[in-house]
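Take a look at the structure below.
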Amino acid sequence: MFGVNYVKASPTTYVMHYKRGKVMREGAGLSFFYFGPSSTLVMVSLASRDLPFAFSEQSNDFQALTVQGQLTFRVVQPTRLAALLDHAVDSNGRYRGDDPDSLAERLTAVTQVHIRAVVGQLPLRGALRAGDTLVDQVLGTLQKSDVVQGLGVEVMGLSISSLAPAPEMARALEAEARESLQRQSDEAIYARRRAAVEQERVIKETELNTEIAVEEKKRTIRETQMAADVSVEQQRGALIDRRVENERKDADSRAYALEATLKPVKDVDWRTLLAVGGGGNDPRMMIALAFRELAENAQKIGSLNVTPDLLQALLAPGGKKP
């Protein structure tokens, strides 16, 4: 009304009120009346904003790589940014020009330059695996960038959501990775088979070693038994030798005793011994001795008659006739 307007800014909006080329008031979240024909309002958003980006870069082995991500930033020096880019608004709070949109373009360009500097030094495989490294390096360089600080902006965060090669290269890498995984699977199967064969060999060796140990123990037992048998036989042989020696000594002793007994009568006639022994009282003994004498002197005897009565008398008990 009559050119007097009212403005009420949010806490995340920095407002500068210019009048006749001088800043009359400035600050975040201000509310005031102003005279429109002679006043200019500048509003700079202090809220953090997310800036998505996607661009194609080239690795050092000349392979295309698409990088997608998001940059988070906020304005920390609104007066500096307002001095570089026009943030003047009309009475309805709309920006008069396109400069506020160019801030995102400048930040995107700076981000792309720093990402290109990192990706261009890596081969395609290394770049595809360098997501975390890429974020750390680019975020650090952006936070220290003179361009970013000159705009009065603070970079709060950077995230890389996708690192993708060209479709034909992606298919080639997928095929190679698939073959590599297949080889690893085959190697795992072969390793498992080798392990099973090795385990079987160990089991067989263990069984054979057990059998060898058992046979060795049996042989030791047999040798011990044989040694015991040999010892017993040796002791038995010694016993037999001792027994034979004892019997020989006993026989020698008896022979010596008999020889000593017979020595006095060695030269005595057997007839005398027979008579002394009592054999002369037996008629049959006497007749037998007579027949012996007759046999010894058979050449001197012409003929000899033996009657049945004589034989019967000789055969009868006591030499008597029946």
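Here's how it looks for G157: its modeled amide H is under 5 Å from those of T72, which are all 5 or more places away or on a different chain. Put simply, when 37-48, 165-176 are sorted by average Cβ atoms within 10 angstrom per residue, most first, you get 37-48, 165-176.
Other residues whose C-beta falls under 10 angstrom from the C-beta of M156 contribute a net charge of 0, scoring Lys and Arg +1 and Asp and Glu -1. Computing FRET efficiency as 1/(1 + (r/R0)^6) for A177 and Q137, where r is the C-beta to C-beta distance and R0 is 30 Å, gives about 0.70.
Bear in mind these aren't lab numbers, they're just calculated from the coordinates by the rules spelled out. These figures come from a predicted structure and were not determined experimentally. Heads up, the Cβs are rebuilt from the backbone with ideal geometry, glycines too, and the neighbour counts pull from every protein chain shown.
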